[in-house]
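Colleague: Questions regarding the structure given below will be posed in turn.
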Amino acid sequence: MAKFTFITNNDEQITVEASSGSVMEAAVANGIEGIDGDCGGVCSCATCHVHVLPEHTAKTGEASEIEQDMLELDDDADEYSRLCCQLEVSDAIDGAVFRVAKS
């Protein structure tokens, strides 16, 4: 079971728990505003864009080339951007904090 926190565009901090699936699936299941996951998690829409807080980037690793290509299309992307559909829930991300990207 991993716990991780989302910071919404209203600066609300919401901590969720999940034991499997993707961070995006956990966000959608918990009604995190700004995380839509329109493509269902296949890395083709960027509606699950988050910014990993810098101190937590080691927990998430680097984006794949396909993920980086999708993020290049988003004006709000930066070096801490990830598509949370590409982040698998595991003990490794326990305690991570994600700021929901502005849409």
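The values are calculated or read from the model by the stated rules, or taken from the named source; none is laboratory data. All values reported here derive from a predicted model rather than from experimental measurement. Here the Cβ is made from the backbone with ideal geometry for all residues, glycine too, and neighbour counts use every protein chain on show.
Colleague: Within the stretch 62-70, is even one residue touching a residue at least 24 places away in the same chain (Cβ under 8 Å), within 13 Å of the chain's Cα centre (by Cα) and buried (at least 20 other Cβ atoms within 10 Å of the Cβ)?
Modeller: no
Colleague: Hey, another quick one. Can you tell me which residues in the stretch 73-87 are surrounded by fewer than 17 Cβ atoms within 10 Å (Cβ to Cβ) and either at pLDDT below 95 or closer than 21 Å to Glu17 by Cα (or both)?
Modeller: Leu73, Asp74, Asp75, Asp76
Colleague: Evaluate the stretch 52-61: report whether one residue or more is in contact (Cβ under 8 Å) with a residue 60 or more places away in the chain, surrounded by 12 or more Cβ atoms within 10 Å (Cβ to Cβ), touching a helix residue (DSSP H, G or I) at 6+ places or on another chain (Cβ under 7 Å) and outside any helix (DSSP H, G or I).
Modeller: No: the stretch 52-61 contains no residue that is in contact (Cβ under 8 Å) with a residue 60 or more places away in the chain, surrounded by 12 or more Cβ atoms within 10 Å (Cβ to Cβ), touching a helix residue (DSSP H, G or I) at 6+ places or on another chain (Cβ under 7 Å) and outside any helix (DSSP H, G or I).
Colleague: Which members of the stretch 1-24 meet the condition of being part of a strand (DSSP E or B) and among the aliphatic types (A, V, I, L, M)?
Modeller: Within the stretch 1-24, Ala2, Ile7, Ile14, Val16, Ala18 qualify.
Colleague: Taking the stretch 1-41 as the region of interest, how many residues are charged (D, E, K, R) and within 19 Å of Thr60 (Cβ to Cβ)?
Modeller: The qualifying residues number 3.
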